Amino acid sequence: EYELACKFAGGLGLPENRIIRIETKELEDPAYVQNSPDRCFYCKTELFQKLAELALRSRQEVVCDGANASDIGDHRPGMTAAKEKQGKSPLLEAGLTKDEISQLAKNFRLVVWDKPQSACLASRIPYGSQVTRDKLKQIEEAEEFLRSLGFRQLRVRHHDTVARIELPLEDMQKVLSNGTGDRIVERFREIGFFFTTIDLGGFKSGSMNVMLKGENHG
């Protein structure tokens with residue numbers, strides 16, 4: 001994500017020495033670590049606080065995020081935090097959906113136009129299960145391995161010693177061909193997952209939120 005952000009900024013003509021990387025400390029916040037359904041609120045509060053401080057030092061008046069019209073209706077406590085910190089969401093205010101944003105980015109030849117949907121790694125951990133650096137590292141390594149095999153749209157959900165892989169339905173057959181499944185199982189065991197499963201429901205962004213709605217998910 002960071003490397004792509006730098007590449008995107010460079011494509012807009014922003015020199016590398018103008019890119020500022022900030023460190024957030026949400027993992028030091030017990031309210032975030034306990035991973036309640038409002039976890040994103042605490043993360044975004046920390047993020048926007050740091051961005052507000054940076055904006056003040058840089059004499060910038062507005063801090064913006066990438067929230068858009070497709071986010072409306074889902075469980076998004078982070079959007080509440082952004083509003084409380086006076087953050088702006090220009091894409092949302094313009095009523096643009098994810099698909100429309102992607103098309104506009106393609107029209108402007110931006111390098112991120114076909115970037116798959118992504119979310120913070122903590123969203124792969126079920127609510128109520130603590131967020132730890134070790135878990136986040138396991139998820140990151142597992143997803144990086146799947147990408148190295150050519151998969152682009154994916155999630156690895158962390159259920160303690162069980163990894164639940166979400167892929168688009170058309171990609172599932174690839175897992176069962178040419179020994180790919182065996183390679184995934186072997187690598188995931190090295191990472192720390194004793195068991196590896198594929199969710200027959202396929203890829204779904206925000207699938208952990210179905211537990212908040214009392215729905216069943218494969």
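Please treat every number below as a calculation from the coordinates, not as lab data. These numbers come from a predicted model, not from an experiment. Here Cβ is always computed from backbone atoms with ideal geometry, including for glycine, and neighbour counts include all displayed protein chains.
Computed over the stretch 2-107, the alpha-carbon pair-distance distribution with 10 angstrom bins reads 13, 35, 40, 11, 0, each value a whole percent. Listed peptides 24-32, 175-183 appear in the order 24-32, 175-183 once ranked by packing, highest mean of other Cβ atoms within 10 Å at the front. In a DSSP loop and with at most 11 other Cβ atoms within 10 Å, the trypsin sites (Lys or Arg not before Pro) in the stretch 102-137 are R109. 3J(HN,Hα) couplings calculated from phi for the stretch 54-68 with the Karplus curve 6.51 cos²θ - 1.76 cosθ + 1.60 (θ = phi - 60°) are, in sequence order, 5, 4, 5, 5, 8, 6, 9, 8, 10, 10, 10, 10, x, 4, 9 Hz; Gly and Pro show x.
Other residues with beta-carbon under 12 Å from the beta-carbon of Q60 carry, at +1 per Lys or Arg and -1 per Asp or Glu, a net charge of +1.
Mean projection of the Cα convex hull over all viewing directions, computed for the stretch 121-212: 5.5 nm². On the principal axes of its alpha carbon atoms, the chain extends 54, 41, 33 Å, with the longest extent given first.
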